[in-house]
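Enquirer: Got a structure here, written out as structure tokens. Questions coming.
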Amino acid sequence: MPVAVVSDIHGNLTALDAVIADLERRGVERVLHGGDLALAGGQGAEVIDRIRELGWPGVVGNTDELLWRPQEREAQLERAPKLKTLLDLIFDRYAPATLEQIGPERLAWLERLPSEQRLDGLLVLHASPDDLWRAPMADAGGEELARTYASCGAEVVVYGHIHRPFVRRLDAITIANSGSVGAPYDGDPRASYVLADEGELEVIRVEYDIEREIGLLLRSQYPGRAQIAEMRRRGTYVAPAT
């Protein structure tokens, strides 16, 4: 039976609902999510509620965990001081707004998410084993991918985090990135997920009403909404204003 991996929704309920409709059309009943559900979008609470209603098992992402681990900011700043502007935005503005959106009960649900999910030889992680903040990029070589994931004890590894989908078949393992449902960074604004069926993996792109999503976002009170809206429209990362 096919399995879909749906990740990095980032509060974009419009895109998520389009992906759900696509999965229903394809008859896909087994779905795993890869985390990063709520932060950086106008409907984080609604996204969490939809996934809980559907009963999708999943994993925690870095922008989920930072909601209850503000101390992670200093650790990431030490690792990547050039990201200070982005880290300030995420921790000082996005995190408080997201916490207000979702409330304590949904936060407690996020806190209970595990770091991995396994199903029929497939392993889902948010980023890398034991690291929610670092993962190989889409143009990584086979050696880097194998070094990161070959010891995981899975035939297939699917991760998210980088918002750029791909499928790479190595000698002993297949590694894929599911891309992002809510905020693609590869220049294609369509929602993205990965479908695994009888050993074959495929990146699926789904059209959704981006302008409707942007309208909802701009009418919200979410901080940085104009920047986030531009990312939705372009399908790529837009750096925060300094």
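The values are calculated or read from the model by the stated rules, or taken from the named source; none is laboratory data. If you're wondering where the values come from, they're calculated on a predicted model, not measured in any experiment. So basically every Cβ, Gly included, is an ideal-geometry build from the backbone, and we count neighbours across all protein chains shown.
Enquirer: Output the residues belonging to segment 196-213 that are out of contact with any Phe, Trp or Tyr (no Cβ under 9 Å at 6 or more places or on another chain), surrounded by fewer than 21 Cβ atoms within 10 Å (Cβ to Cβ) and among the aliphatic types (A, V, I, L, M).
Expert: Ile210
Enquirer: Pairs under 9 Å by beta carbon, first residue on the phi > 0 side of the Ramachandran plot in segment 211-224, partner assigned to a helix (DSSP H, G or I) and not aliphatic (A, V, I, L, M), six or more apart or different chains?
Expert: That search, which allows pairs on different chains as well, returns Gly224/Arg93; Gly224/Tyr94.
Enquirer: Evaluate segment 230-239: report whether one residue or more is among the hydrophobic types (A, V, I, L, M, F, W, C) and in contact (Cβ under 8 Å) with a residue 12 or more places away in the chain.
Expert: Yes, that holds for at least one residue.
A quick yes/no check of all residues on (1) under 19 Å from Leu113 (Cα atoms); (2) over 17 Å from the mean Cα position of the chain (by Cα); (3) at pLDDT 95 or above:
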{"site": "Asp8", "(1), (2), (3)": "yes, no, yes"}
{"site": "Thr14", "(1), (2), (3)": "no, no, yes"}
{"site": "Glu46", "(1), (2), (3)": "yes, no, yes"}
{"site": "Gly61", "(1), (2), (3)": "yes, no, yes"}
{"site": "Arg69", "(1), (2), (3)": "yes, yes, yes"}
{"site": "Glu78", "(1), (2), (3)": "no, yes, yes"}
{"site": "Leu89", "(1), (2), (3)": "no, yes, yes"}
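Enquirer: Kindly provide the set of residues from segment 39-61 that are in contact with a Phe, Trp or Tyr (Cβ under 8 Å, 6 or more places away or on another chain) and buried (at least 22 other Cβ atoms within 10 Å of the Cβ), ordered by number.
Expert: Result: Leu39, Ala40, Gly41, Gly42, Ile48.
Enquirer: So which residues in segment 13-48 are of a type in the set (A, V, I, L, M), in contact (Cβ under 8 Å) with a residue 40 or more places away in the chain and not in a helix (DSSP H, G or I), if there are any at all?
Expert: Val28, Leu32, Leu37, Ala38, Leu39, Ala40
Enquirer: Scanning segment 49-59 for residues that are under 17 Å from the mean Cα position of the chain (by Cα), in a helix (DSSP H, G or I) and of a type outside the set (A, V, I, L, M, F, W, C), which turns out nearest to Arg112 (Cα to Cα)?
Expert: In this case the residue turns out to be Arg52.
Enquirer: Taking strands (runs of 3 or more DSSP E) that do not extend beyond segment 92-184, which have at least 2 residues that are surrounded by fewer than 21 Cβ atoms within 10 Å (Cβ to Cβ) and touching a residue at least 40 places away in the same chain (Cβ under 8 Å)?
Expert: 116-119
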